[in-house]
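Got a structure here, written out as structure tokens. Questions coming.
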């Protein structure tokens with residue numbers, strides 16, 4: 001899933017199922033003009049569905065950009 005937010009591109013995918021059929025978000029934040037990777041966000045929390053993992057990933061990526 002790709003989103004545009006404040007001159008950035010956020011690319012999110014959900015990896016899994018991992019342990020106990022849980023899903024983990026993978027978030028990459030790119031510069032909009034040149035698509036250079038600015039930040040890759042990963043964490044060890046699991047989510048019940050790939051949709052939930054992607055929604056949380058998008059929320060966290062936006063918060064990182066806003067910080």
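A short reminder: the numbers here are calculations on the coordinates, not readings from a lab. This one's a predicted model, so the numbers in the text were calculated from it and none came from an experiment.
Please work out the ratio of the alpha-carbon Rg of the chain to 2.2 N^0.38 Å and round it to two decimals.
Normalised Rg, Cα atoms only: 1.10.
Any chance you could give the angle, 0 to 90 degrees and rounded to 10, that helix 50-66 forms with the longest Cα principal axis of the chain?
The angle comes out at about 30 degrees.
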